[in-house]
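Read through the structure below, which is laid out as structure tokens, and then see the notes.
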Amino acid sequence: MNTKPFTSGLSGNAVMITRVADRQWHALDDDLVVGRGHAEHRPDGRLFVSIDAWRDAAFDRLAEAMLAELPAPLYTVVDEADVELTAGWRRAGFTIRRREWEYVVPTDPRVTGLEAVLPPPGVTIVPAGQADEGLLRAVDRAIRDEVEATVGWQSMPAEVIPRAEGDTIVDPSKYAVAAAPDRCLGLIRVVTVNRPRIGLVAVRAGEQRRGIARALLAHALGTMHRSGFAAAWTEVQEPNQAASALFEGIGARPMSSNLELVR
């Protein structure tokens with residue numbers, strides 16, 4: 001463990017920065033911890049940083065030390081309502097890359113209007129954990145390739161759940177799929193920790209505008225409702241008007257927004 005202190009050349013009260021572990025830093029003022037910094041790779045391979053500091057001086061010195069040791073590009077995510085934190089990252093040279101809206105999604109089919117929604121003819125909704133894993137992985141790969149060929153997968157909401165390197169399926173038991181007799185046409189991923197999060201709902205490009213996404217949502221939200229959850233949540237990137245229309249059309253409400261910053 002490297003505990004060699006990093007002392008900033010910036011003016012102001014002396015704050016000592018120490019790397020206490022791999023990709024972990026502390027800001028010390030007279031041996032009192034006044035800030036912490038952390039860096040970690042997200043499943044998509046990008047390096048994200050975070051800082052929790054009580055004073056601007058501690059934040060700035062932590063940022064300076066971390067940026068001196070970490071390779072670019074670096075990313076961070078902040079609540080847009082946290083003006084001070086956003087300003088701190090801007091001082092460190094970060095700029096806004098994209099905005100994500102967090103939606104609260106009702107699960108009651110009488111609220112969503114999905115009570116009578118069925119998949120189109122020839123399509124079956126296979127519940128989470130029951131899909132053929134090979135077909136599930138095939139449709140996930142196909143959809144990712146389609147997105148990558150257009151807007152790029154990094155335009156999708158950040159994937160924060162750890163997975164094995166090179167494996168794009170977090171946990172097959174979390175996915176319900178829309179299936180034709182010989183292949184899967186779309187999928188929805190729901191992960192529940194404290195509350196259900198819809199991490200992904202996607203349909204192959206050639207099968208869109210047939211009601212498959214609404215059928216997947218009807219199934220997943222209905223399952224949550226029967227399990228006692230009144231609401232779920234999801235994120236939608238600001239320019240993704242199709243996704244915003246899909247969720248707002250079933251009564252979802254934007255509650256907050258996050259900024260992804262890059263340096």
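Assess whether ARG209 counts as being closer than 10 Å to THR107 by Cα, open to solvent by 40 Å² or more (accessible area, probe 1.4 Å), without any contact (Cβ under 8 Å) to a residue 60 or more places away in the chain and out of contact with any helix residue (DSSP H, G or I) (no Cβ under 7 Å at 6 or more places or on another chain). Judged against the criteria, ARG209 is not a match.
Residue pairs whose Cβ atoms lie under 9 Å apart, sitting 6 or more positions apart in sequence or on different chains, and linking a residue in the stretch 215-243 that is touching a residue at least 40 places away in the same chain (Cβ under 8 Å) and among the β-branched types (Val, Ile, Thr) to a partner that is open to solvent by less than 40 Å² (accessible area, probe 1.4 Å) and part of a loop (DSSP other than H, G, I, E, B), are THR223/THR107; THR234/PRO157; THR234/ALA252; VAL236/PRO157; VAL236/ALA252.
Annotation for the stretch 99-122: no member residue is open to solvent by 50 Å² or more (accessible area, probe 1.4 Å), at pLDDT 95 or above and of a type in the set (S, T, N, Q). Within the stretch 243-262, the set of residues being more than 18 Å from the chain's Cα centre (by Cα) and closer than 23 Å to ASP140 by Cα comprises ALA245, LEU246.
For the residues PRO157, PRO239, the requirement of being open to solvent by 20 Å² or more (accessible area, probe 1.4 Å), within 30 Å of ALA87 (Cβ to Cβ), at pLDDT below 95 and touching an Asp or Glu at 6+ places or on another chain (Cβ under 9 Å) singles out PRO157.
Taking first residues from the stretch 64-82 that are closer than 15 Å to TRP101 by Cα and partners that are buried (at least 16 other Cβ atoms within 10 Å of the Cβ) and of a type in the set (Asp, Glu), the Cβ contacts under 9 Å between residues at least 6 apart in sequence or on separate chains come to VAL77/GLU100; VAL77/GLU260; VAL78/GLU260. Confirm whether TRP101 is under 22 Å from the mean Cα position of the chain (by Cα), part of a helix (DSSP H, G or I) and either within 21 Å of ALA231 (Cα to Cα) or not charged (D, E, K, R) (or both). Here the answer is no, as TRP101 does not meet what is asked. Could you list, in sequence order, all residues of the stretch 55-71 that are at pLDDT 95 or above and not in a helix (DSSP H, G or I)? Passing the criteria: LEU70, PRO71. The condition of being in contact with a helix residue (DSSP H, G or I) (Cβ under 7 Å, 6 or more places away or on another chain), among the hydrophobic types (A, V, I, L, M, F, W, C), open to solvent by less than 20 Å² (accessible area, probe 1.4 Å) and modelled with pLDDT of 90 or more holds for ALA202. For the stretch 1-47, a residue qualifies if it is open to solvent by 70 Å² or more (accessible area, probe 1.4 Å), at pLDDT below 90, in contact with a strand residue (DSSP E or B) (Cβ under 8 Å, 6 or more places away or on another chain) and assigned to a loop (DSSP other than H, G, I, E, B), and the qualifying residues are MET1, THR3, LYS4, ASN13, ALA14. Restricting GLY37, GLY129, GLY88 to those that are over 26 Å from ASN240 (Cβ atoms), out of contact with any Ser or Thr (no Cβ under 9 Å at 6 or more places or on another chain) and of a type outside the set (Val, Ile, Thr) reduces the list to GLY88.
The values are calculated or read from the model by the stated rules, or taken from the named source; none is laboratory data. All figures in this text were calculated on a predicted structure; none of them were measured in a lab. For neighbour counting, all protein chains shown are included, and Cβ atoms are generated from backbone atoms with ideal geometry for every residue, glycine included. The protein model used for the area step is the full one, side chains on, heavy atoms only, and it has no ligands, DNA or RNA in it. Shrake-Rupley method; radii C 1.70, N 1.55, O 1.52, S 1.80 Å.
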